[in-house]
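Reading through the structure tokens given below for one structure.
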Amino acid sequence: MHIGTTLTNYIIETQRDIKGATGEFTGLLNDIAISCKKISDLVEKGDLIGVLGAAGSENVQGEEQKKMDIITNEVMIEALESNGHVAAMASEEMDDVYNLPAGKVRGNYMVTFDPLDGSSNMDVNVSVGTIFSILKAPEQKETYTDKDFMQPGTTQVAAGYCLYGPSTLMVLTTGNGVQMFTLNKDFGEFIMTRDGVQIPEDTKEFAINMSNQRFWEAPVKRYIDECVAGTTGARDKDFNMRWVASMVAEVHRILTRGGIFMYPIDEKIKKAGNAGKLRLMYEANPMAFVVEQAGGLCDTGRGRIMEIQPTELHQRVPVVLGSKNEVQRVIDYHKEG
Ligand code: P6P
């Protein structure tokens, strides 16, 4: 148990357990921590420094970008390109793979990230977050392409998120369980406040955007109808519902007290030519790694998220994650059709 230790010390201690660790991975995690501290400060200042509202542009997903989408993307790039730990990056906010400027040292790791997930919540002062995933670079070279990133979630070296809420929290897995760190702004350090986080196997709380109900496929309709019916229907308990519209906040709640989060494919998404709403490489996969390391499940309803072989940098997938027994029930309903 490392409760009370700093993130920096925890990473160094953990590095000793990683055969062949050169310190590069430690440096990379520290670079990510620094970017999250900077983003936390920007989020907290908000209107005071004029960072709220629309940027007047769209991202590759065709979504309106907020000023903070662009600002936080720059923070991540600046923090990750300078110290020689990163070979290349990919972001929700950039169409293509980001290759480091000529002359910058290329490291052995590639990072995908959503720099400010749920950014539309910034304008209404609701929690937002940064999601990151760390992959090994396939080889050392000057220029990387999408193909270098087409690695299934099971190959992730580390993943996590930073949640900018009442506290700023860093939640991290390197494949040895899930640790939580709370930012102490008095001296700018992330302090470990939880270790070995485990998601309760059962829950009475579901999270889904109910306004899409008429578009859902039958297995999802069946599952949610039963949750809403509670003890008057097929289930032996009543359920509660939450929907923050910030995946980081939903996942954190589930890590903390259990629950199931669903963004399934539906007729509206299919009509738009998509395979889901959430993005595989920098939302679903990193959250799947964290959730599975905490004893939960993360599935499309028809297969394990982390076993998907990516084909596109910004591909979307259906997501059902959280308490093992509830996610398994949704999977079973998909099997039954
Ligand atoms: P909707 C935020 O835009 C996001 O990518 C996730 O963080 C969140 O869970 C989801 O989309 C919210 O989607 O359709 O409710 O706005």
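The values are calculated or read from the model by the stated rules, or taken from the named source; none is laboratory data. Predicted model, so just to flag it, every value in this text is computed and none were measured. Note that we place each Cβ from the backbone using ideal geometry, even for glycine, and neighbour counts take in every protein chain shown. Remember, those area values only see protein heavy atoms, side chains included, never the ligands or the DNA or RNA. Shrake-Rupley method; radii C 1.70, N 1.55, O 1.52, S 1.80 Å.
Farthest toward the positive end of the dipole of the chain, out of Q179, T145, V43, is the Cα of Q179, where the dipole comes from beta carbon charges about the Cα centre.
Here segment 205-336 is treated with +1 on each Lys and Arg Cβ and -1 on each Asp and Glu Cβ, and its dipole about the Cα centre works out to around 240 debye. Rounded to whole Hz and in sequence order, give me ³J(HN,Hα) for segment 234-246 from the Karplus expression 6.51 cos²θ - 1.76 cosθ + 1.60, θ = phi - 60°, writing x for Gly and Pro. So the J values, rounded to whole Hz, are 6, 8, 9, 8, 8, 10, 10, 10, 9, 8, 8, 6, 9. By accessible area, using a 1.4 Å probe on protein heavy atoms only, segment 101-215 has 49% of its surface on carbon and sulfur.
Here the Karplus relation 6.51 cos²θ - 1.76 cosθ + 1.60, evaluated at θ = phi - 60°, turns the backbone of segment 221-228 into coupling constants of 4, 4, 4, 5, 4, 5, 5, 5 Hz, with x for every Gly and Pro.
Considering the chain as a Gaussian network with a 10 Å cut-off on Cα pairs, which listed residue, T130, T231, T112, attains the greatest mean-square fluctuation? Taking springs between Cα atoms under 10 Å, the residue moving most is T231.
Rounded if a/c is under 1.5, else prolate if a/b beats b/c, else oblate: with a ≥ b ≥ c from the C-alpha gyration tensor eigenvalues square-rooted, which is segment 7-194? Oblate is the answer for segment 7-194, as a/c is 1.5 or above yet b/c matches or exceeds a/b. 3J(HN,Hα) along segment 310-316: x, 10, 9, 4, 10, 5, 10 Hz, from the Karplus curve 6.51 cos²θ - 1.76 cosθ + 1.60 with θ = phi - 60°, whole Hz, x for Gly and Pro.
In the elastic network of the chain, a GNM with C-alpha springs shorter than 10 Å, the most mobile of V157, V60, V244 is V60. Dipole magnitude for segment 7-194: about 700 debye, using +1 per Lys or Arg Cβ and -1 per Asp or Glu Cβ, origin at the Cα centre.
Amide H contacts of G296: I199, each under 5 Å away and 5 or more positions distant or on a separate chain (H built 1.01 Å from N in the peptide plane; Pro and chain starts excluded).
So, with a 1.4 angstrom probe, what is the percent of accessible area on segment 253-337 that is carbon and sulfur? Here carbon and sulfur together make up 47 percent of the probe-accessible area. Using Cβ point charges alone (K and R +1, D and E -1), the dipole size of the chain about the Cα centre works out to roughly 580 debye. Summing Lys and Arg as +1 and Asp and Glu as -1 over all other residues whose Cβ lies under 15 Å from the Cβ of V126 gives a net charge of -2.
Could you work out which residue, out of A55, A284, A33, moves most in a Gaussian network model of the chain, that is, has the largest mean-square fluctuation with Cα springs under 10 Å? Result: A55 has the largest fluctuation of those listed. Pairs from the table (K136/K277; K136/K335; K45/K270; K37/K221) lying more than 32 angstrom apart at Cα are K136/K335; K45/K270; K37/K221. With an 8 Å Cα cut-off and a minimum separation of 6 or more residues, compute the relative contact order for the chain in percent. Reported relative contact order: 16 percent. Summing charges over all other residues whose Cβ lies under 9 Å from the Cβ of M180, with Lys and Arg as +1 and Asp and Glu as -1, gives 0.
Before I look further, what does the chain give for accessible area per residue, probe 1.4 Å, in whole square angstrom?
Ligands and nucleic acids excluded, the figure is 41 Å² per residue.
For the pair segment 30-105 and segment 225-256, the centres of their Cα atoms are 32 angstrom apart.
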